[in-house]
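Visitor: Quick one: the structure is below, and I'll ask about it shortly.
The values are calculated or read from the model by the stated rules, or taken from the named source; none is laboratory data. Since this is a predicted model, take the numbers as computed values, not measurements. FYI the Cβ positions are ideal-geometry reconstructions off the backbone, even for glycines, and counts take in every protein chain you see. To get the accessible areas, we keep the full protein, side chains included, count just its heavy atoms, and leave off ligands, DNA and RNA. Shrake-Rupley method; radii C 1.70, N 1.55, O 1.52, S 1.80 Å.
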Amino acid sequence: MKARVEIFLKPGVLDVQGKAIEAALHGLGFAGVRGVRVGKVITFDLEATDRAGAELEARRMSETLLANQVIETFHIEIAP
Amino acid sequence: MKAAVVVFPGSNCDRDCKVAVERSTGATCELVWHAETDLPAGLDLIILPGGFAHGDYLRCGAMAALSPIMAAVKGAADRGVAVLGICNGFQVLCEAGLLPGALLRNAGLKYVCKPVALTIVNPQSRFTRAYANQDEAIMTIGNGEGNYFAPDPVLDRLEGEGQVVFRYKSNPNGSARDIAGIVNGQGNVMGLMPHPDRAFEPELGSADGALLFRSIALAA
């Protein structure tokens, strides 16, 4: 199975990269841009052949290393 | 006093810390590689030094917090041994769950490297008692992700329990409530963004960092 973990800073946690990008977009004339947030995507293959097992494994990885739940949220997608 | 500095791949203040502790207190100080599973016996102080452990990949301190040596560091912390995480070491302690909160990217987005004035908020702590009547200290910061963050209830608890030990007089990085250094509830684990190891002799611009190491030696 293929896993895709998307990680973002929690709403309310200052995302200075997002703010800088937003300011740059405004500078380019994209005046209507609001709420830019920067996240990261981590993809990997799993030996698990069932979706539930793969998701559980990806969740354990996210909780122990991939995301810091003090400041971040994560979202897992599993595909064959 | 007997001290040890943990060396992670990418640590760059490990030797500075060893020299700073030895010259400030007369302690002996060993360097311990992160892949070790045991610490030397009879330690009074364990330092997690500044630098860029594992290249700061994923998040600062995230991989270092899972190093083999960290189980021994946690065990020693539980037994009351003093643990001091400086800069990257502070990030490692937060990632390892030995201290609450996390260090975010600096609010101004820039890496900030300069001497800063600190207020000693808790002069009774195990890390500040040698400052006597001195209520300010000058130390150098050098960080891109030194912006301390914790949820408000956690910040309230830290302040209420005297766990905020150092504050910036002029906030350089957006750190919550001007926090520069905190201790855990037991008072033996400190995370500190400024570098006492870069301010332990007058020739370095400040010798105030030496008093932090001497404070730990007083208790040892």
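Visitor: Enumerate the strands (runs of 3 or more DSSP E) found wholly within region B:68-131, keeping only those where 2 or more residues are more than 14 Å from every other protein chain (Cβ to nearest Cβ).
Guide: Those strands (runs of 3 or more DSSP E) span B:82-86, B:112-120.
Visitor: Given the criterion within 14 Å of chain B (Cβ to nearest Cβ) and surrounded by fewer than 13 Cβ atoms within 10 Å (Cβ to Cβ), identify the matching residue among A:V41, A:V36.
Guide: After ruling out the rest, the residue left standing is A:V41.
Visitor: Condition first: surrounded by 21 or more Cβ atoms within 10 Å (Cβ to Cβ), away from chain A (no Cβ under 14 Å) and at pLDDT 95 or above. Can you find one or more residues in region B:140-157 that meet it?
Guide: Yes, because at least one residue in region B:140-157 is surrounded by 21 or more Cβ atoms within 10 Å (Cβ to Cβ), away from chain A (no Cβ under 14 Å) and at pLDDT 95 or above.
Visitor: Look at region B:158-170 and say how many of its residues are within 12 Å of B:P194 (Cα to Cα) and open to solvent by 30 Å² or more (accessible area, probe 1.4 Å).
Guide: 1
Visitor: Here are some residues: B:G89, B:G85, B:G80, B:G55. Which one is more than 18 Å from the chain's Cα centre (by Cα) and touching a residue at least 24 places away in the same chain (Cβ under 8 Å)?
Guide: B:G55
Visitor: Which ones in region A:15-33 are closer than 25 Å to B:A176 by Cβ and open to solvent by 70 Å² or more (accessible area, probe 1.4 Å)?
Guide: A:Q17, A:K19, A:I21
Visitor: Would you check which residues across region B:99-111 are in contact (Cβ under 8 Å) with a residue 12 or more places away in the chain and either under 13 Å from A:K19 (Cβ atoms) or open to solvent by less than 30 Å² (accessible area, probe 1.4 Å) (or both) and list them?
Guide: Once the filter is applied, which keeps residues that are in contact (Cβ under 8 Å) with a residue 12 or more places away in the chain and either under 13 Å from A:K19 (Cβ atoms) or open to solvent by less than 30 Å² (accessible area, probe 1.4 Å) (or both), region B:99-111 yields B:L99, B:G101, B:A102, B:L103, B:L104, B:R105, B:N106, B:A107, B:G108.
Visitor: Name the single residue that is least open to solvent (accessible area, probe 1.4 Å) among those in region A:58-70 being touching a residue at least 12 places away in the same chain (Cβ under 8 Å) and out of contact with any Phe, Trp or Tyr (no Cβ under 6 Å at 6 or more places or on another chain).
Guide: Across region A:58-70, the extreme among qualifying residues is A:A58.
Visitor: Surrounded by 19 or more Cβ atoms within 10 Å (Cβ to Cβ) and out of contact with any helix residue (DSSP H, G or I) (no Cβ under 7 Å at 6 or more places or on another chain): is that true of B:C60 in this structure?
Guide: No.
Visitor: Please indicate, with yes or no, whether at least one residue in region B:41-49 is part of a loop (DSSP other than H, G, I, E, B) and closer than 21 Å to B:G205 by Cβ.
Guide: yes
Visitor: Can you run down the residue pairs with Cβ atoms below 6 Å, 6 or more apart or on separate chains, where the first is in region A:4-26 and within 9 Å of another protein chain (Cβ to nearest Cβ) and the partner is part of a strand (DSSP E or B) and surrounded by 17 or more Cβ atoms within 10 Å (Cβ to Cβ)?
Guide: Here the result reads A:L9/A:E72; A:D15/A:L9, each pair linking region A:4-26 to a residue that is part of a strand (DSSP E or B) and surrounded by 17 or more Cβ atoms within 10 Å (Cβ to Cβ).
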